[in-house]
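Q: This structure is in structure tokens; I'll ask about it shortly.
Each value in this text was obtained by applying a stated rule to the coordinates, not by laboratory testing. What you see is a predicted model; the values in this text were computed from it and never measured. So basically every Cβ, Gly included, is an ideal-geometry build from the backbone, and we count neighbours across all protein chains shown.
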Amino acid sequence: DASGAVRSQTVGDVTTPLPGAPAVPQIITVDVQAVTDKAILTLSATEVQRTFAEDTTFNLTPYLSRTLGDSDGRTGPDADDSETYSYEVSGLPVGSMVNFGAGDVQVATVGQVITYDAGNNSTLPAISFKPPANFSGDLPTVTATLVTKDTDTDSNGPIATERSPAEI
């Protein structure tokens, strides 16, 4: 936020104040709204279909990459630690296990989104999943999503959340 004082006065022409016209002080507050620098999650174009044995874990990490956002027009990504990152995996059948490098989380309901909060750590975590026991066949569309949000606490109003999904 920035603030300053402005003096306002009635003028007869462009530059001459009218005699006896009172000066009226004005306070103007300017809020510079935070802008979320969207990070992009992409899936390797050469890995469209993957086959792996039932009851095994599929490691997504080698097939994903993330690029930090650059919405300010300067050279290079904005890596000022003002953004927070979270990762989501969705579209897995009930009973599947998802791991972000910090322990398994089971998909308990249809349509459940498993989320990992990475804080302001922009490094791509290890992401893997294991379908339910004895599952064989084609998986539905599984989506990994990178969610980015600026953490500026002194802006008035909502700060946009940016989502970057990668379908597997």
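Q: Could I have the simple spin-label model distance between V94 and S82, label points 7 Å from Cα toward Cβ, reported in nm to one decimal?
A: With each label placed 7 Å out from Cα toward Cβ, I get 4.5 nm.
Q: Provide the three semi-axes, in whole Å and in decreasing order, of the ellipsoid equivalent to the range 77-116 as defined by the square roots of 5 times the Cα gyration tensor eigenvalues.
A: 27, 11, 7
Q: So for each of 30-42, 82-94 I average, over its residues, the number of other beta carbons within 10 Å; can you give me the resulting order with the highest mean first?
A: 82-94, 30-42
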